[in-house]
Amino acid sequence: MKFSTVVFLSFLTIFCLLNLSCYSQNYYPTQSISSEHNYQRTTRFTERLQRSIISVIHKPTGRIAGSGVIIKIQRKKNTLLILTAAHVAGRLKEEIPFCLGKVLYSTLRHTIPISWCSSDYRVLYANKDMDLAILTVVIDPAIFFLPYTSPLAAGIGPAVHPGVSVWLASNNAGIQNVVTTRRITQVVLTKESRNCYMLDGSIDPGASGGGVFNNQGRVIGILIGYLNRPPFGIPLGTGALAAHTSDIQKFLKYIRSTNAYL
């Protein structure tokens with residue numbers, strides 16, 4: 001082989017290796033940046049859901065007895081309008097002292113030991129058949145300016161079909177600000193002849209009254225219980241039960257027609 005051929009092949013090899021190195025350096029960081037962007041976007045989304053959840057707290061023990069979703073904020077009155085389950089609101093009518101608020105705010109990016117709780121609440125209306133209730137709570141105006149923890153209202157979204165992935169935000173198992181992804185497995189008919197969403201997986205005490213959200217962060221259901229055996233009118237299966245979007249819309253429509261809060 002001629003010397004000039006050897007030199008040419010050597011230069012060609014070095015050129016190819018340099019190009020391959022540049023390609024690797026340019027390609028993999030792009031993937032990493034894309035993954036980091038998706039992670040940050042998901043983190044911001046879950047933090048929005050966490051800010052729209054409020055806890056029902058048993059004052060003597062600090063135990064979380066339920067959840068609620070903030071659907072409207074009245075800044076002039078320092079009032080939050082909360083949508084929750086009727087059986088959770090029923091606890092607030094008992095003589096046991098409860099309050100509404102947050103004990104500790106913790107996310108993937110922030111852990112802030114800010115505790116606030118208000119006993120200045122009122123149950124406006126509860127429908128036991130739908131297992132839905134609406135209540136108001138007056139809070140300290142300074143809470144609106146807390147970093148990363150200020151309340152955020154969630155709108156009501158359209159109904160979804162089985163097979164759709166959704167987000168659950170609640171105080172599951174007494175742990176605040178739990179956000180998980182689930183899938184709607186079916187729409188079941190209860191013994192009261194009303195539709196409910198059934199979701200895969202279970203929920204634990206404290207989750208009742210929490211929200212089921214679509215990918216736009218809008219409420220499409222309220223957690224009302226867990227199915228572990230087939231009651232009348234419900235097919236066999238297990239999973240979390242949530243009030244259907246149609247019931248929420250009917251419930252809020254009735255509230256708007258009878259109350260000035262909505």
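The values are calculated or read from the model by the stated rules, or taken from the named source; none is laboratory data. Remember, predicted model here, so these are calculated numbers, not experimental data. Here the Cβ is made from the backbone with ideal geometry for all residues, glycine too, and neighbour counts use every protein chain on show.
What to note about this one:
- Residues in segment 186-201 that are touching a helix residue (DSSP H, G or I) at 6+ places or on another chain (Cβ under 9 Å) and closer than 15 Å to residue 239 by Cβ: 195, 196, 197.
- Residue within segment 76-88 that is farther than 13 Å from residue 144 by Cβ and of a type in the set (Lys, Arg) present: no
- In segment 107-123, residue modelled with the lowest pLDDT [restricted to those that are surrounded by 16 or more Cβ atoms within 10 Å (Cβ to Cβ) and over 15 Å from residue 69 (Cα atoms)]: 107
- Of all residues in segment 128-145 being in contact (Cβ under 8 Å) with a residue 60 or more places away in the chain and surrounded by fewer than 17 Cβ atoms within 10 Å (Cβ to Cβ), the one that is farthest from residue 225 (Cα to Cα): 141
- Of the criteria (1) outside the structural domain of residue 76 (by TED's automatic domain parsing); (2) out of contact with any helix residue (DSSP H, G or I) (no Cβ under 6 Å at 6 or more places or on another chain), which one residue 152 fails: (2)
- Just one residue in the set 206, 211 is buried (at least 17 other Cβ atoms within 10 Å of the Cβ), within 16 Å of residue 71 (Cβ to Cβ), in contact with a helix residue (DSSP H, G or I) (Cβ under 9 Å, 6 or more places away or on another chain) and at pLDDT 85 or above; that residue is 211.
- Among the residues of segment 37-57, those that are part of a helix (DSSP H, G or I), closer than 17 Å to residue 219 by Cβ and not hydroxyl-bearing (Ser, Thr, Tyr) comprise 45, 47, 48, 49, 50, 51.
- Boolean, residue 37 is surrounded by 10 or more Cβ atoms within 10 Å (Cβ to Cβ), of a type outside the set (Ser, Thr, Tyr) and at pLDDT 80 or above: no
- Filter pass, residue 59 being basic (Lys, Arg) and at pLDDT below 85: yes
- In segment 184-203, the residues that are assigned to a strand (DSSP E or B) and surrounded by 19 or more Cβ atoms within 10 Å (Cβ to Cβ): 184, 188, 196, 197, 198, 199
- Some residue of segment 231-240 being at pLDDT below 90 and not in a loop (DSSP other than H, G, I, E, B): yes
- Residues of segment 40-69 satisfying the condition of being in contact with a helix residue (DSSP H, G or I) (Cβ under 8 Å, 6 or more places away or on another chain) and either surrounded by 17 or more Cβ atoms within 10 Å (Cβ to Cβ) or among the aromatic types (Phe, Trp, Tyr) (or both): 56, 64, 65, 66, 67, 68
- Residues of segment 157-174 that turn out to be buried (at least 19 other Cβ atoms within 10 Å of the Cβ), in contact with a Ser or Thr (Cβ under 6 Å, 6 or more places away or on another chain) and not in a strand (DSSP E or B), as a count: 1
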